[in-house]
Amino acid sequence: MKAMVLSSGGIDSTTALSLAIDKYGRDNVTSLSIVYGQKHIKEIESASKIAAYYGIQHIQLDLEKIFEHSDCSLLSHSEEEIPEQSYDEQIKTTKGLKPVSTYVPFRNGLFLSAAASVALSKGCDVIYYGAHKDDVAGTAYPDCSKEFNNAMKQAIWEGSGKQLRIEAPFIGINKSQVVEIGLKHNAPYKFTWSCYEGNDKPCGKCATCIDRAKAFEKNGVTDPALA
């Protein structure tokens, strides 16, 4: 059995990677990172460091062209500022009628579809990705929901000739629970990067920084990346 893990270089995908390696062995796991025109490459650099830490193959795939028409605030060509608010605060602003400004259009759908093609070519049996319950946050990231996951799971299973399945091990739990699992599996959190900004240090103000800080705080540990 071989596994491919979508690796963003953040907490969730790194935890998923630790689970896949524990289950299948590092010789049978590949990580896949996707360049989509994000404002910085810190997360890709982190994903590469994490793959090197585990001694596994790391593939980078460039899908930047697909998002050139989007004004998502995470993209390098966007003039939109990244909000310095939690997801809950952002949803109040949008009144729950649309995703947050950092939602990259159908990103997980695209990433999983592209990963399926690469995974099949590499002889993989399963794709892991790190979506969790907090990502949904109402309407924040609809492509992280259970409904989306179930639909993509069925589509990839059928479209691959029933050769490939996807696993979202954290789809029903929150980020603090993800961190709890990762700590038990000794996930290398010191190499991870979550911040939407690409500065030398995390901004501590964007939604993903806020969520990350709360997750480690609830587990009663200092964030290894900040130690």
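For the range 179-199, give me each residue that is among the basic types (Lys, Arg) and either touching a residue at least 24 places away in the same chain (Cβ under 8 Å) or closer than 14 Å to Gly9 by Cα (or both). If the condition is that a residue be among the basic types (Lys, Arg) and either touching a residue at least 24 places away in the same chain (Cβ under 8 Å) or closer than 14 Å to Gly9 by Cα (or both), then Lys190 is the only one that fits.
For (1) buried (at least 18 other Cβ atoms within 10 Å of the Cβ); (2) closer than 18 Å to Glu43 by Cβ, each residue gets a yes or a no:
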site: Phe67; (1), (2): yes, yes
site: Cys72; (1), (2): yes, yes
site: His77; (1), (2): no, yes
site: Glu81; (1), (2): no, no
site: Gln85; (1), (2): no, no
site: Asp88; (1), (2): no, no
site: Ile91; (1), (2): yes, no
site: Leu110; (1), (2): no, yes
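On the basis of being closer than 24 Å to Tyr53 by Cα, open to solvent by 20 Å² or more (accessible area, probe 1.4 Å) and out of contact with any His (no Cβ under 7 Å at 6 or more places or on another chain), does Lys201 make the cut? It is true that Lys201 is closer than 24 Å to Tyr53 by Cα, open to solvent by 20 Å² or more (accessible area, probe 1.4 Å) and out of contact with any His (no Cβ under 7 Å at 6 or more places or on another chain). If we scan the range 152-173, do we find a residue that is within 17 Å of the chain's Cα centre (by Cα), part of a helix (DSSP H, G or I) and modelled with pLDDT of 95 or more? Yes, the conditions are met somewhere in the range 152-173.
Filtered by the rule that a residue be closer than 30 Å to Gly25 by Cβ and surrounded by fewer than 20 Cβ atoms within 10 Å (Cβ to Cβ), the range 113-149 gives Ser113, Ala114, Ser117, Val118, Leu120, Ser121, Lys122, Gly123, Asp125, Val126, Lys133, Lys146. Give the residues of the range 1-12 that are open to solvent by 10 Å² or more (accessible area, probe 1.4 Å) and assigned to a helix (DSSP H, G or I), sorted by residue number. The one that is open to solvent by 10 Å² or more (accessible area, probe 1.4 Å) and assigned to a helix (DSSP H, G or I): Asp12.
The values are calculated or read from the model by the stated rules, or taken from the named source; none is laboratory data. Only a predicted model underlies this, so the values are computations on that prediction, with no experimental measurement involved. Positions of Cβ are generated from backbone atoms using ideal geometry, with glycine treated the same way; all protein chains shown enter the neighbour counts. Just so you know, the surface numbers come from the protein's heavy atoms only, side chains and all, with ligands and any DNA or RNA stripped out. Shrake-Rupley method; radii C 1.70, N 1.55, O 1.52, S 1.80 Å.
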